[in-house]
Structures are given as structure tokens and as C-alpha cells.
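Novice: Mind having a look at this structure? Questions to follow.
Derivation of every value follows stated rules applied to the coordinates shown; laboratory data play no part. Because the structure is predicted, anything quoted here is derived from the model rather than measured. So basically every Cβ, Gly included, is an ideal-geometry build from the backbone, and we count neighbours across all protein chains shown.
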Amino acid sequence: MLFGAIAGDLEVRRKGGSTRLSGSFPYNSLATLSDGGRRGRPRKERFAPGAFQYSVESGELDIHLLVGHDFGKPLASKDAGSLLLRSTDDGLFFKATISDEVLNTSHGKDAMSMLSAGLIGGISPGFRIPPERTVPNAETVEDEDPSEGTAIIRTVNDAILYELSLVTRPAYPDTTVEERNWQTSPDKLTPGISIPAYRWR
């Protein structure tokens, strides 16, 4: 499974016997994953508008709100009716209702304490790129405009969203950057390279 890098907005409100949490993950926001080191080229990534549209509209796919990408620490879910999602040209927006039962768990208390202390850095989506046979151009890689730099830019056009997580630092670990295909091609990723269904960043 892949993890997104961009910090989103978060807002917490207390109402009755539950806590309302809302946030967003922007589309078309370019994130630098690596500066390229001493000899390599910088690597950047962005999500195209509507990249998560399929998952939001699907009636068969459940999506969870988690703490730190841990399915053992759920806060809300689409199927449970406690997580509402909306995808626009600007980004992915969500509203979560976190019940007192969840808030009384150790991970629920920890999450709210970290939010109150300002230690939650943003939103990070956990997702998978669909197979090329079903979505041929789900991800594309291109060279950065020479007038702007020398980076290789990867654009996620379509992705299957499984979860959104509250994270302290919404960034991709450098060690997993090399697991992705960074060969540029005008229309799609270079053919002949096997891309696993699930990958960790």
C-alpha cells in the first residue's frame, strides 16, 4: 500500500456525545520526495484532480480513518456511516464523527491528545495503484520543465483509496522511493517493469 505525503487541513469540534473531525488532502500539490542526493535527480509527486473519485463513489469499497496507518487503530469508517468523503477538483475532503466509545479507547485518547498538543502534522492517504490492464494511465512519470528544475515528476491520476490517517509527519520515507518506477515515458510508465499491487512508502 502507498502512503501520500501532503499535509491537509484538520479541524476538531466537540458536539454532544461525539467529536467531529474534518480535513482535506489537496490535489495538484507538488511534493518533493527526494532532493536526489549528490548525484541523482530530485523526485517529486502530485495527485491529479479526482484521483480518489472512484473510491469515494464506490458503494463496495470501505474507507477508514486511522491513526498512523494502523488498521488496529480505527477512528471512523465509510461503511459505519461515521466517515463522509467528497472529492472535488481541489482535493479530497472528509468529515468524521468519532464516538465516545472510540474516544475511550487508548488510541482514541492518544489521537485527541496529540491533536490538542499540535503533534498531528496532517493527513496521509493509504492507497493502491490499480492494475495497468484496468487503468492504463493510472500513474505517469515525466521530466520537470527545464526552466523550473531537473526533477522527475510522478503524477497519480487514479488510485484506490483504502484509508486516511492522522500522522505526525506526512512524508514518504526515503528508503521506499526506489521501489517505484521512475523511468520517464511520454504517455505512461515504461513497459516491461513489474509493479507490485501493494507497495509501502
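Novice: Using label points projected 7 Å from each Cα along Cα→Cβ, tell me how many nm separate Arg86 and Asn137, to one decimal.
Specialist: In this crude spin-label approximation the distance works out to 2.9 nm.
Novice: Another question about this same structure. Residue by residue, what Karplus-based ³J(HN,Hα) values in Hz, rounded to whole numbers, does the range 121-135 have, using 6.51, -1.76 and 1.60 with θ = phi - 60° and x for Gly and Pro?
Specialist: Ordered by residue, 3J(HN,Hα) equals x, x, 10, 10, x, x, 8, 10, 7, x, x, 4, 5, 9, 10 Hz.
Novice: What does the charge dipole of the range 2-178 about its Cα centre add up to, to the nearest 20 debye, if the Cβ of each Lys and Arg holds +1 and the Cβ of each Asp and Glu holds -1? Intermediate results must be reported in sequence, preceding the final value.
Specialist: Numbers: 19 positive and 25 negative charges, 112 e Å.
Once rounded to the nearest 20, the dipole reads 540 debye.
Novice: About its Cα centre, what dipole magnitude does the range 119-160 give when the only charges are +1 on Lys and Arg Cβ and -1 on Asp and Glu Cβ, stated in debye to the nearest 20? Walk me through the numbers on the way to the answer.
Specialist: Details: 3 positive and 8 negative charges, 76 e Å.
The dipole magnitude comes to about 360 debye.
Novice: Give me D for the range 2-178 in µm² s⁻¹, whole number, from Stokes-Einstein with Rh from the Kirkwood sum over alpha-carbon pairs, 4 °C and 1.567 mPa s. Walk me through the numbers before you get to the answer.
Specialist: On the way: Rh = 17.0 Å.
So the translational diffusion coefficient is about 76 µm²/s.
Novice: Let me ask another. Rounded, prolate or oblate: which one fits the range 33-123, using the alpha carbon gyration tensor with axes a ≥ b ≥ c (rounded when a/c is under 1.5, else prolate when a/b beats b/c, else oblate)?
Specialist: Values: a/c = 2.55, a/b = 1.34, b/c = 1.90.
Taking the square roots of the gyration eigenvalues as a ≥ b ≥ c, the range 33-123 is oblate.
Novice: Restricting to bridges with both residues inside the range 2-178, how much of the DSSP beta-bridge set is antiparallel, in percent to the nearest 5? All intermediate terms of the calculation are to be shown ahead of the outcome.
Specialist: Details: 41 of 50 bridges.
Approximately 80 percent, going by the DSSP bridge assignments.
Novice: Per residue of the range 46-60, in order, report the coupling 6.51 cos²θ - 1.76 cosθ + 1.60 (Karplus, θ = phi - 60°) as ³J(HN,Hα) in whole Hz, putting x for Gly and Pro.
Specialist: After applying 6.51 cos²θ - 1.76 cosθ + 1.60, I find 8, 10, 5, x, x, 4, 9, 4, 4, 5, 5, 8, 5, x, 9 Hz.
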